[in-house]
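K.L.:
Let me give you the structure first, and then I'll get to my questions.
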Amino acid sequence: MTRREQAWRVTDVPPGLSERQRRRRRRYFAMMGTCLLLIVLAWNVVRLFSTGAAVVMTVVAALIPPVAAFLANPSDDR
């Protein structure tokens, strides 16, 4: 191989660890914020119009934390 074939281009270099952690943290907090917002809206606003919709929103909110934890903690941190 020649030296030119081994050289990295700026666009080819994977993001650093701190950048990947920042993205995961941002995604985690966005998902948890969505979870909190769903619960607050479900039981303070939506329940006045439809209890069934409030229950569905709560079930969706209950599913978000495990998914957020799974996405925030990848097994292959390259």
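Any read-out appearing in this document is the output of simple, stated calculations on the displayed coordinates, not a laboratory observation. The model shown is predicted, which means the values in this text are computed figures rather than measured ones. Glycine also receives a Cβ, built like all others from the backbone with ideal geometry; neighbour counts cover every protein chain displayed.
K.L.:
Compute the angle between helix 51-72 and the longest alpha-carbon principal axis of the chain, please, reported from 0 to 90 degrees and rounded to the nearest 10.
P.N.:
For 51-72 against the chain, the angle is about 20 degrees.
K.L.:
Note the angle between two axes, namely the Cα long axis of helix 17-44 and the longest principal axis of the Cα atoms of the chain, as a number of degrees from 0 to 90, rounded to the nearest 10.
P.N.:
Between the helix axis and the principal axis of the chain, the angle is about 10 degrees.
K.L.:
Test of understanding: in a Gaussian network model of the chain with alpha carbons linked when under 10 Å, which of LEU37, LEU48, LEU63 would top the mean-square fluctuation ranking?
P.N.:
Ranking LEU37, LEU48, LEU63 by mean-square fluctuation puts LEU48 first.
K.L.:
What nm value, rounded to one decimal, do you get for the distance between PHE70 and ARG23 when each label is placed 7 Å out toward the C-beta?
P.N.:
With each label point 7 Å from Cα toward Cβ, the separation is 2.0 nm.
K.L.:
With the convex hull built on the Cα atoms of the chain, state its orientation-averaged projected area in nm². It would help to have the intermediate numbers written out before the result.
P.N.:
Values: hull surface 29.3 nm².
Projected over every direction and averaged, the Cα hull of the chain covers 7.3 nm².
K.L.:
Also: Per-residue ellipticity at 222 nm for the chain, helices alone: DSSP H runs ≥ 4 residues times -39500 (n - 2.57), over residue total, nearest 500 deg cm²/dmol? Write out the running numbers ahead of the final one.
P.N.:
Values: 3 runs with 54 residues, N = 78.
Calculated from helices alone, the mean residue ellipticity at 222 nm is -23500 deg cm²/dmol.
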